Amino acid sequence: MKVSDIHASKVPEVTLAFWIIKIAATTLGETGGDSVTMTFNWGYLAGTALFLSLLIVLVIAQILAKKFHPFLYWATIVASTTFGTTMADFADRSLGIGYTGGSALLFICLMTVLGLWYRSQGTISVNTVNTPKVEAFYWAAITFSQTLGTALGDWAADTGGLGYEGGALVFGAGLAVIAGLYFWTNISRVLLFWAAFILTRPLGATVGDFLDKPVDHGGLALSRPLASAVIAVFILGCVLVLPQRAGRHPGRGESKT
């Protein structure tokens, strides 16, 4: 019997509820990260250190857990989105490599992690996240994808000249295209999952920026802490109300691509 057959999955089944909560979590990551670094004046370096510490603690707890715990899983996702926000801002602004350079660097990092994961396991399907080693690959890929998504959102809104509303529309349209490919083509579901996972982050980033940035910068100038609190309550409600169950294991005849 294979190891993957005797370990329970500790990540949720990918359903519509998953994507609703994921998009809300990415928006919270943007407003929450900005609340700490800007509103509370921690700065990007201190904010990054704070959320990295929180992320490490939660990932360890997730790996040590014996089964899927919805609140633990989504808390870890939120920690990865807030860390992604502060880390991307730190790299883009404090280190001076810019949105284009930051996006390119993070894309390379993400592809490297996915490549190492595939080389080790023969698949990068989230349906196989059921051992500590695979979980480590999973959370590394999640964190890099969240950070990349933040950089892409900032690049589209600022360097790309789309603004926050335009950026949200472009990334929303991209997700709609991926949904169409999922329902009407036979393109690899694993590839479509990671493409959608990456695109939900810049969508959330642009929506979050639209909510809390100054009016003269194209935003609504809402209170970052207040917006974060409202989104957090929405996520908690979704986790309580919407179905949350562990993802299934792939069958023996299922493709591993």
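Worth pointing out:
- Test for I6: is it surrounded by fewer than 23 Cβ atoms within 10 Å (Cβ to Cβ) and either touching a Gly at 6+ places or on another chain (Cβ under 6 Å) or modelled with pLDDT of 90 or more (or both): no
- Qualifying positions in segment 122-152 - open to solvent by 10 Å² or more (accessible area, probe 1.4 Å), under 17 Å from A61 (Cβ atoms) and among the β-branched types (V, I, T): T131, T143
- Filtering segment 101-113 to residues that are open to solvent by less than 10 Å² (accessible area, probe 1.4 Å) and either closer than 21 Å to G43 by Cβ or touching an Asp or Glu at 6+ places or on another chain (Cβ under 8 Å) (or both) leaves only G102.
Yes/no matrix, rows are residues, columns are (1) of a type in the set (G, A, S); (2) part of a helix (DSSP H, G or I); (3) under 24 Å from Q244 (Cα atoms); (4) open to solvent by 50 Å² or more (accessible area, probe 1.4 Å):
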{"position": "A17", "(1), (2), (3), (4)": "yes, yes, yes, no"}
{"position": "W42", "(1), (2), (3), (4)": "no, no, no, yes"}
{"position": "G47", "(1), (2), (3), (4)": "yes, yes, no, no"}
{"position": "Q62", "(1), (2), (3), (4)": "no, yes, yes, no"}
{"position": "G84", "(1), (2), (3), (4)": "yes, yes, no, no"}
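- Here G98 fulfils each of the conditions (1) open to solvent by less than 20 Å² (accessible area, probe 1.4 Å); (2) on the phi > 0 side of the Ramachandran plot apart from (1).
- Residue in segment 114-121 that is part of a helix (DSSP H, G or I), open to solvent by 50 Å² or more (accessible area, probe 1.4 Å), under 24 Å from A25 (Cα atoms) and out of contact with any Gly (no Cβ under 9 Å at 6 or more places or on another chain) present: no
- Condition met for A168 (crowded, with 16+ Cβ neighbours inside 10 Å, closer than 30 Å to L72 by Cβ and without any contact (Cβ under 8 Å) to a residue 60 or more places away in the chain): yes
- Here segment 38-56 is the region considered, the condition is being β-branched (V, I, T) and modelled with pLDDT of 90 or more, and the residue that is farthest from W74 (Cα to Cα) is T48.
- Residue match in segment 43-50 (condition: without any contact (Cβ under 8 Å) to a residue 60 or more places away in the chain and on the phi > 0 side of the Ramachandran plot): yes
The values are calculated or read from the model by the stated rules, or taken from the named source; none is laboratory data. Note that the structure is predicted; figures quoted are calculated from it, not measured. So basically every Cβ, Gly included, is an ideal-geometry build from the backbone, and we count neighbours across all protein chains shown. For accessibility, only protein heavy atoms count, side chains too; no ligands or nucleic acids. Shrake-Rupley method; radii C 1.70, N 1.55, O 1.52, S 1.80 Å.
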